[in-house]
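Accompanying notes for the structure given below.
Quick note: the coordinates plus some simple rules give every number you see, no bench work behind them. The shown structure was predicted, so the numbers you read here are calculated from the model rather than taken from an experiment. Quick reminder, even Gly has a Cβ in these numbers, built from the backbone with ideal geometry, and neighbours come from all protein chains shown.
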Amino acid sequence: MAATENVLIHGPAGNIDLIIDTPDRVRGIALICHPHPLFQGANTNKVAHTLARIFRDLGYAALRPNFRGVGKSDGSHDHGIAETEDMLAVIGWAQSRWGALPLALGGFSFGAFVQTRVAARLADSLTPPERIVLVGTAAGEVTGARSYSTEPVPAHTLLIHGELDETVALGNVMRWAEPQELPVVVVPGADHFFHGRLHVLRRIIERTWSPLP
């Protein structure tokens, strides 16, 4: 039966704190990344939690690590650079546990930015991500005097953004997506955290992807 567990695994800087949601039968592996750790981002964030439960319901073991310095994860914030290495370590651990199953990536805000880096690193590997969903993707100048040079992503990436996102302006994501010819699914009335719109997020993803066989 479906289960949720908390585990600590060893990463490049020490412990990585993980929540894992598993379906009755694991048919894939999904890595879910949470928003910015210096702005209260953690693996319990409701958007990250929603993404994990959606992937679990699609047949994936959904792994939600805490970034460095959050929860029981060791290390300190490194603006996405060392975090990328940590996420690759989480994927490696998951593959050692469940094998080379279909891989999916999901990220929200800063976590989406990190996932663009992870996807770039895995593009030429034996197990490139078959499904990628990025929500509220950090791109360009964002609130908090931060700026992101976000990596291009595969053409099959699903981009979802809130019309009224007050942290990452919709125009930022449009400008990033345009040269890649990537469509952006815009949720009318949604803010950065998708307050009152999480059910729409689920509907978009489930309409796009079928459960794993």
Exercise for the section: Post the alpha-carbon centroid distance, the range 173-209 to the range 66-108, in whole angstrom. Expected result: 23 Å
Practice task
Please report the Cα spread of the range 125-213 along all three principal axes, rounded to whole Å, starting with the longest.
Solution key: 43, 33, 20
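Sort Ile205, Ile16, Ile32 so that the residue with the fewest other Cβ atoms within 10 Å of its own Cβ comes first and the one with the most comes last.
So the ranking, lowest neighbour count to highest, is Ile205, Ile16, Ile32.
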Handout entry: Amide proton proximity set for Val187, modelled H, under 5 Å, gap of 5+
Key = His161, Gly162, Glu163
Fill in the blank from the handout: Expected sort for Asp74, Asp124, Asp21, Asp165 with the fewest Cβ neighbours (10 Å cutoff) up front is Asp124, Asp74, Asp21, Asp165
Exercise for the section: Pop out the ³J(HN,Hα) list for the range 96-113 in order, Karplus 6.51 cos²θ - 1.76 cosθ + 1.60 with θ = phi - 60°, rounded to Hz; leave Gly and Pro as x. Expected result: 5, 8, 10, x, 7, 7, x, 10, 10, 10, x, x, 10, 6, 4, x, 5, 4
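Which value, in Å to one decimal place, does the Kirkwood hydrodynamic radius take for the range 3-208 when every pair of different Cα atoms is included?
Numbers: mean 1/r = 0.0601 Å⁻¹.
Roughly 16.6 Å, rounded to one decimal.
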Fill in the blank from the handout: Expected sort for Arg25, Arg175 with the fewest Cβ neighbours (10 Å cutoff) up front is Arg25, Arg175
Completion exercise
Over the chain, the sum of -39500 (n - 2.57) across DSSP H runs of at least four, divided by residue number and rounded to 500 deg cm²/dmol, gives at 222 nm -9000 deg cm²/dmol
Exercise for the section: Along Cα→Cβ, 7 Å out, is where each label goes; now give me the distance between the ones at Thr143 and Arg175 in nm to one decimal. Expected result: 1.9 nm
Practice task
Would you grab the residues whose amide H sits under 5 Å from the one on Ser73? Only those 5+ places off in sequence or on another chain, please, with H modelled 1.01 Å from N.
Solution key: Asp17
